[in-house]
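First up is the structure itself, then whatever we jot down about it.
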Amino acid sequence: MWLLFAILSALFAALTSILAKIGIEGVNANLATAIRTVVVVVMSWGMVFLTNAQGGIGQISRKSWIFLILSGLATGASWLCYYRALQMGEASKVVPIDKLSVVITLILAFVILHEELTAKALIGCVLIGAGTLVMVV
């Protein structure tokens, strides 16, 4: 089931880029990010209440709160930078660079989470990096 959700995530991420590029025309990038964020917040809390998951808030540990907040700050910074880059550049060049996050995530997962960095993952990282370079140059 995770594979289906991962594919849907990629599809929606692609739509996000195209829709954002169209919608951001003539709009301040920070304002556009804020509007997008409000929509995401409403959608997220809607799903929490729809699935009756709100009762779990009291069971979240201090460590989880800290790391979820840090993750939210990183997401916000990413979105602000992404929208500004998208406003200034071509989507076909901005998006591949943004997707270098896959390579960076694999490296950070190895360094911070001590996940295994297999030869297959390393080759994939090199290919993603090379593909990004080819698309952007």
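Read the figures in this text as sums done on the coordinates, not as results from a lab. Please read all numbers here as calculations on a predicted model, not as lab measurements. Positions of Cβ are generated from backbone atoms using ideal geometry, with glycine treated the same way; all protein chains shown enter the neighbour counts.
Residues satisfying the criterion are present in region 115-124 (criterion: surrounded by 11 or more Cβ atoms within 10 Å (Cβ to Cβ) and either among the acidic types (Asp, Glu) or under 16 Å from the mean Cα position of the chain (by Cα) (or both)).
Inclusion of LYS21 among residues that are in a helix (DSSP H, G or I) and in contact (Cβ under 8 Å) with a residue 60 or more places away in the chain is warranted. Take SER71 and decide whether it is closer than 20 Å to ALA10 by Cα and exposed (fewer than 13 other Cβ atoms within 10 Å of the Cβ). The answer is yes for SER71. Tallying residues that are more than 14 Å from GLN87 (Cα to Cα) and either in contact with a Cys (Cβ under 6 Å, 6 or more places away or on another chain) or of a type in the set (S, T, N, Q) (or both) within region 22-59 yields 6.
Note on region 64-122: residues that are part of a helix (DSSP H, G or I) and acidic (Asp, Glu) amount to 1. The set of residues from region 84-137 being within 19 Å of LYS21 (Cα to Cα) and in contact with a Leu (Cβ under 7 Å, 6 or more places away or on another chain) comprises just one member, VAL94. Does region 37-52 contain at least one residue that is over 25 Å from PRO96 (Cβ atoms) and small (Gly, Ala, Ser)? Checked region 37-52: at least one residue is over 25 Å from PRO96 (Cβ atoms) and small (Gly, Ala, Ser).
Residue count for region 24-42, restricted to those that are among the acidic types (Asp, Glu) and part of a helix (DSSP H, G or I): 0.
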